[in-house]
Protein chains: 2
Amino acid sequence: MAEKRTSKVTITEVAKLAGVSTATAGRVLGGYGYTSEDNKERVRASAEKLGYRPNLLARSLITGKTKTIGVVAGDIQSPFYASILRGIADVARAQGFGVLLTNSDELLERELEAVQLLLEKQIDGLIIAPCDIYDSAHLHAAVRAGCPIVQIDRIVNGLAGDSVTVDNRAASRNCISQLLAAGHHRIGMIAELERWASGNVETFLDRVLDSSLDPATLFPSWQRLFGYIEAHAAAGIPIDRDLIGRVGAYSAEAAKTRTMALLSRPDRPTALFTVDGLTSAVAMDAITALNLRIPDDLSLICFDDLDWMTFIKPGITAVAQPLTAMGEAAAQLMLARIKGDDGPMQHLSLEPTFAQRGSVAAPMFATTA
Amino acid sequence: MAEKRTSKVTITEVAKLAGVSTATAGRVLGGYGYTSEDNKERVRASAEKLGYRPNLLARSLITGKTKTIGVVAGDIQSPFYASILRGIADVARAQGFGVLLTNSDELLERELEAVQLLLEKQIDGLIIAPCDIYDSAHLHAAVRAGCPIVQIDRIVNGLAGDSVTVDNRAASRNCISQLLAAGHHRIGMIAELERWASGNVETFLDRVLDSSLDPATLFPSWQRLFGYIEAHAAAGIPIDRDLIGRVGAYSAEAAKTRTMALLSRPDRPTALFTVDGLTSAVAMDAITALNLRIPDDLSLICFDDLDWMTFIKPGITAVAQPLTAMGEAAAQLMLARIKGDDGPMQHLSLEPTFAQRGSVAAPMFATTA
DNA sequence: TTGTAGGCGTTATCAC
DNA sequence: GTGATAACGCCTACAA
């Protein structure tokens with residue numbers, strides 16, 4: 001029945017009780033090398049009797065492998081990261097790996113500390129949603145130090161690590177195109193351009209339009225704005241820059257204020273495109289507060305599919321990222337690297353699905369063309 | 001600038017470069033024992049120059065402390081566990097602790113494996129939402145082996161571990177009382193009694209009414225049904241057992257079927273009480289599908305407050321558990337134990353808040369009293 | 001097939 | 001204050 005007494009049963013004691021050397025005991029318990037059936041039995045019995053549990057620390061110290069993968073999420077409380085983490089944890093567990101979790105809150109300083117802690121704990125690999133895609137010396141250093149990295153959602157420019165993302169630009173373009181096709185010419189959007197160098201929407205718009213911007217090197221939120229602009233350009237419809245509300249990253253209050261302002265204008269947009277789970281919730285909040293009807297007063301498409309979008313009145317049309325699949329893919333890539341795969345970097349782009357529901361209609365009083 | 005080259009910079013190399021012994025280097029780098037200012041400087045400089053990072057495995061092996069706490073959640077993808085984990089991770093990080101995460105999916109077998117893995121990785125303590133509150137030998141064994149345990153949401157009978165919960169029975173009783181006070185005499189509820197020995201609602205009801213059941217020894221979902229029964233008893237209103245839909249644990253489809261059935265009856269309830277986040281979402285789904293208006297056709301109170309409850313039409317009245325606070329409290333209890341607190345077991349019961357919104361009204365055609 | 005000896009990178013225990 | 005030296009628990013030679 002294996003009753004353990006004082007927790008510290010080492011392989012030495014098992015060996016002693018079995019009447020063999022620690023090496024032999026280690027071989028059968030660790031499952032490596034050859035041992036006679038006879039001794040196997042004896043050692044297993046002793047281990048069982050003493051309630052022996054291997055100390056993975058000691059094993060890791062010598063093998064150099066911890067069978068642990070580190071994860072740096074932005075905020076595990078958000079459904080976005082929670083789902084991704086679920087995927088990661090599932091495949092990790094299936095392979096006997098542990099998951100060491102940290103939050104960065106999208107703060108570079110915090111990410112730095114997190115990565116350092118994980119590295120010191122000797123994780124075999126790092127899965128991370130990097131805060132800063134332009135200058136992440138600590139990640140380059142980690143890779144150089146031999147720690148494989150799989151990036152999620154965002155890609156650090158020039159980092160030698162795999163990645164799992166979705167094509168944000170295409171998905172966004174698709175959403176906006178649908179709205180345009182439905183007859184909407186005034187589509188509101190709350191954009192996040194916090195770290196955009198020149199600081200304003202104007203310059204971003206210009207750079208997209210004169211094709212001097214490589215979408216692959218941008219933050220997801222920027223890529224979504226990129227798609228918004230492209231869709232307008234493709235349809236030959238001018239953009240009213242006042243409909244693009246600019247807002248700092250991940251601030252609910254700011255987004256709320258901005259959205260309320262946008263939807264309160266006398267010439268308010270006839271459609272709204274939200275760029276992530278946070279803005280979607282904020283938008284619904286504002287829409288409810290302003291007593292706007294969907295889709296009569298306002299059409300709506302959201303990036304990221306949340307549970308309530310299925311049952312909230314007419315149903316909210318949304319782009320659904322395959323979050324758990326992304327987590328699974330990331331973990332799979334990671335495990336392959338850990339097992340020694342040193343092939344070229346892989347940049348997986350998973351296909352989001354488009355959940356067509358009831359939040360899009362032709363704008364009121366609009367001629368469809 | 002501390003450029004590391006090949007990852008393995010050990011304390012020995014730092015010591016060598018600083019011209020001191022590994023012992024001295026260890027003292028300044030590890031921050032223990034005495035060292036002259038002179039040597040401190042020199043060692044730090046060498047460490048910096050070589051890009052030295054301590055190997056926490058080696059340290060842990062000898063100190064017996066990993067500064068890591070293990071967490072077994074039911075399903076990290078649910079907002080419930082995600083929020084709790086957020087709280088845990090925050091206080092852990094603040095104290096320099098890591099968090100090793102696993103999911104049990106409420107499966108005992110999986111929980112067993114998880115606990116074993118965590119223990120072998122030598123976590124300093126375990127925070128867990130136990131699947132089985134009646135027979136958890138592995139948890140008793142863990143405690144006996146010296147691993148402190150903090151339980152969340154549920155309490156294993158007789159386990160020597162702290163706990164953080166809410167008073168489910170009182171909260172539930174309060175909700176039902178409000179509905180009864182509003183004039184509802186037919187209140188539907190989807191109950192989960194999967195592991196209830198005798199297997200049916202009848203016997204549970206009987207045991208509550210003849211006071212032969214200690215609520216402290218029950219699963220949260222049972223406690224919530226307990227409160228439902230008590231509230232009815234207190235108001236002197238008989239319970240129509242057909243309004244208590246029994247369902248297996250954590251199955252969305254089953255809950256959906258059951259809820260649809262309940263709400264489709266010709267004599268359907270005038271109010272509904274959902275017992276957790278899953279049933280709430282399922283209920284809303286069903287309500288939308290059946291085109292029932294809240295609160296006109298059906299009053300609703302939900303256990304667990306979800307983001308959409310604020311902006312979904314009239315606003316859904318709900319009981320909000322202080323989830324992140326629960327996580328924080330659990331982590332705090334854990335850290336205290338790790339620091340050596342061997343006082344009596346603590347069973348924290350945090351106060352849920354009641355979010356009064358617009359989903360409760362008097363039943364149609366009902367005389368109020 | 002088995003045992004002996006050495007070491008993984010730290011910290012702990014002593015003398016000095 | 002400091003430096004040998006012995007742990008920590010396990011694995012990996014290598015020799016037997």
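The values are calculated or read from the model by the stated rules, or taken from the named source; none is laboratory data. Just so you know, these numbers come straight off a predicted model, no measurement behind them. No Cβ is skipped: glycine too gets one built from the backbone with ideal geometry, and neighbour counts run over all protein chains shown.
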**Report entry** Selected residue [assigned to a loop (DSSP other than H, G, I, E, B), within 27 Å of B:Trp196 (Cβ to Cβ) and touching a helix residue (DSSP H, G or I) at 6+ places or on another chain (Cβ under 9 Å)] from B:Val156, B:Val150
**Finding:** B:Val156
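Out of curiosity, is B:Leu118 buried (at least 23 other Cβ atoms within 10 Å of the Cβ), at the interface with another protein chain (Cβ under 8 Å from one of its Cβ atoms) and outside any strand (DSSP E or B)?
Values: buried (at least 23 other Cβ atoms within 10 Å of the Cβ): yes; at the interface with another protein chain (Cβ under 8 Å from one of its Cβ atoms): yes; outside any strand (DSSP E or B): yes.
Here the answer is yes, as B:Leu118 does meet what is asked.
Can you tell me which residue among B:Ala361, B:Ala318 is buried (at least 18 other Cβ atoms within 10 Å of the Cβ) and free of Cβ contacts under 8 Å to residues at least 40 places away in the same chain?
On the way: B:Ala361 fails: free of Cβ contacts under 8 Å to residues at least 40 places away in the same chain.
Result of the check over B:Ala361, B:Ala318: B:Ala318.
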Query raised in the report: Is it true that B:Val91 is of a type in the set (A, V, I, L, M), away from DNA strand D (no atom under 13 Å from the Cβ), within 14 Å of chain A (Cβ to nearest Cβ) and not in a helix (DSSP H, G or I)?
Result: no
Report summary line: Those residues of segment A:19-65 which are within 14 Å of chain B (Cβ to nearest Cβ), loosely packed, with under 15 Cβ neighbours inside 10 Å and either part of a helix (DSSP H, G or I) or within 7 Å of DNA strand C (Cβ to nearest atom) (or both) amount to A:Gly30, A:Glu48, A:Ile62, A:Thr63
Requested in this report: List every residue pair whose Cβ atoms lie under 7 Å apart, where the two residues are 6 or more positions apart in sequence or sit on different chains, the first residue falls within segment B:19-41 and is in contact (Cβ under 8 Å) with a residue 24 or more places away in the chain and closer than 16 Å to B:Leu56 by Cα, and the second residue, located anywhere, is more than 9 Å from DNA strand C (Cβ to nearest atom) and assigned to a helix (DSSP H, G or I).
Outcome: B:Leu29/B:Val43; B:Leu29/B:Ala47
Query - Options B:Leu333, B:Leu290, B:Leu272; residue that is of a type in the set (A, V, I, L, M) and under 22 Å from B:Ile88 (Cα atoms) - result: B:Leu333
Query raised in the report: Among the residues of segment A:19-57, which ones are within 13 Å of DNA strand D (Cβ to nearest atom), of a type outside the set (Ser, Thr, Tyr), farther than 27 Å from B:Leu118 by Cβ and modelled with pLDDT of 95 or more?
Result: A:Val20, A:Ala23
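Could you tell me which of the residues A:Val99, A:Val150 is within 25 Å of B:Ser78 (Cβ to Cβ), in contact with a Leu (Cβ under 6 Å, 6 or more places away or on another chain) and within 14 Å of chain B (Cβ to nearest Cβ)?
Details: A:Val150 fails: within 14 Å of chain B (Cβ to nearest Cβ).
After ruling out the rest, the residue left standing is A:Val99.
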**Report entry** Checklist (1) part of a helix (DSSP H, G or I); (2) over 27 Å from A:Asp105 (Cβ atoms); (3) in contact (Cβ under 8 Å) with a residue 24 or more places away in the chain; (4) more than 13 Å from DNA strand C (Cβ to nearest atom) applied to B:Glu106, failing item
**Finding:** (1)
Report summary line: Screening A:Ala137, A:Ala142 for residues that are within 10 Å of chain B (Cβ to nearest Cβ), farther than 19 Å from A:Met326 by Cα, crowded, with 22+ Cβ neighbours inside 10 Å and not β-branched (Val, Ile, Thr) leaves only A:Ala142
Report task. Test A:Ser78 against the criterion of being more than 9 Å from every other protein chain (Cβ to nearest Cβ) and away from DNA strand D (no atom under 13 Å from the Cβ), and give yes or no. Result -> no
**Report entry** Residues of segment B:66-85 satisfying the condition of being part of a helix (DSSP H, G or I) and either touching a Gly at 6+ places or on another chain (Cβ under 9 Å) or not aliphatic (A, V, I, L, M) (or both)
**Finding:** B:Pro79, B:Phe80, B:Tyr81, B:Ser83, B:Ile84, B:Leu85
Report summary line: Going through (1) touching a strand residue (DSSP E or B) at 6+ places or on another chain (Cβ under 9 Å); (2) of a type in the set (D, E, K, R); (3) within 16 Å of DNA strand D (Cβ to nearest atom) one by one, B:Arg86 fails only at (3)
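Quick one: is B:Asp342 over 23 Å from A:Leu292 (Cα atoms), touching a strand residue (DSSP E or B) at 6+ places or on another chain (Cβ under 8 Å), part of a loop (DSSP other than H, G, I, E, B) and more than 11 Å from chain A (Cβ to nearest Cβ)?
Details: over 23 Å from A:Leu292 (Cα atoms): yes; touching a strand residue (DSSP E or B) at 6+ places or on another chain (Cβ under 8 Å): no; part of a loop (DSSP other than H, G, I, E, B): yes; more than 11 Å from chain A (Cβ to nearest Cβ): yes.
In short, no.
Is it the case, given these coordinates, that B:Gly96 is under 24 Å from B:Ala114 (Cβ atoms), within 24 Å of the chain's Cα centre (by Cα) and surrounded by fewer than 18 Cβ atoms within 10 Å (Cβ to Cβ)? Reasoning before the result, please.
Details: under 24 Å from B:Ala114 (Cβ atoms): yes; within 24 Å of the chain's Cα centre (by Cα): yes; surrounded by fewer than 18 Cβ atoms within 10 Å (Cβ to Cβ): yes.
Yes, satisfied.
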